[in-house]
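Step one of this worksheet: look at the structure below.
The values are calculated or read from the model by the stated rules, or taken from the named source; none is laboratory data. Note that the coordinates shown come from a computational prediction; the quantities given were computed from them, not determined experimentally. Here the Cβ positions follow ideal geometry from the backbone for every residue, glycine too, while neighbour counts run over all protein chains shown.
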Amino acid sequence: MSTKRKTILGIILFAVFLIIAYFAYTSLSNYYKPSQENQPAKSSSSQADKKTPAPDFTVYDTKGNKVKLSDFKGKPVVLNLWASWCPPCKGEMPHFNTQYANVKDDVVFMMVDLVDGQRETQEKGQKYVKDQAFDLPIYFDNEQQASNAYGISSIPDTLFIDSEGNIVNAYQGAIDEGTLIAGINSIKK
């Protein structure tokens with residue numbers, strides 16, 4: 001077979017591969033797309049004119065006790081979804097620890113470690129928090145209820161929930177300390 005024919009055959013095979021990959025991706029994307037029901041809108045601005053109830057979920061504390069978001073109704077909540085392997089999550093964690101120390105009597109912090117059992121385990125999350133000497137209350141999403149309830153596709157994600165259980169602000173990606181403070185102020189009475 002000549003070089004020209006090999007080149008043409010290679011191009012054709014590569015094009016067929018791209019077409020198959022496209023259809024496989026499209027098919028799997030539709031299959032694995034999270035349900036839009038009960039999912040908050042992701043935004044970086046206040047939603048004061050439209051109240052969005054925060055979907056409830058169950059996670060586990062460090063002792064294995066079940067904890068629901070609704071257990072904290074009546075108190076403002078900072079909800080952060082993270083994992084110990086995530087560099088942006090690690091970057092913002094010291095800000096959360098500092099602000100938790102400042103407002104822990106007025107605001108509930110739910111730092112939810114997204115445990116998948118492979119890349120992230122409860123042991124890895126606990127070790128990271130212990131090694132960093134963080135005082136934050138850590139919860140573990142061992143059954144992916146929190147990540148499914150909020151349609152988490154990337155982390156970190158931070159939501160500010162008022163005392164009535166409504167999402168006031170939601171941020172996808174790492175936030176700086178100023179944004180964290182502004183978010184806390186938006187839900188404090």
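Within the bounds of the range 111-129, is there any residue that is among the hydroxyl-bearing types (Ser, Thr, Tyr) and assigned to a loop (DSSP other than H, G, I, E, B)? Yes: one or more hits.
Only residues that are within 16 Å of Cys89 (Cα to Cα), under 10 Å from the mean Cα position of the chain (by Cα) and part of a loop (DSSP other than H, G, I, E, B) were counted across the range 138-173, and they come to 6.
Checked against (1) touching a Pro at 6+ places or on another chain (Cβ under 9 Å); (2) surrounded by 14 or more Cβ atoms within 10 Å (Cβ to Cβ); (3) in contact (Cβ under 8 Å) with a residue 60 or more places away in the chain; (4) assigned to a loop (DSSP other than H, G, I, E, B), Phe134 passes all but condition (3). Any residue in the range 38-56 that is modelled with pLDDT of 95 or more and touching an Asp or Glu at 6+ places or on another chain (Cβ under 7 Å)? No, the conditions are met nowhere in the range 38-56.
With respect to being free of Cβ contacts under 8 Å to residues at least 24 places away in the same chain, acidic (Asp, Glu) and on the phi < 0 side of the Ramachandran plot, Glu92 falls outside the description. Could you identify the single residue in Val78, Val115 that is crowded, with 21+ Cβ neighbours inside 10 Å, at pLDDT below 95 and on the phi < 0 side of the Ramachandran plot? Step by step, each of Val78, Val115 is checked, and only Val115 is crowded, with 21+ Cβ neighbours inside 10 Å, at pLDDT below 95 and on the phi < 0 side of the Ramachandran plot.
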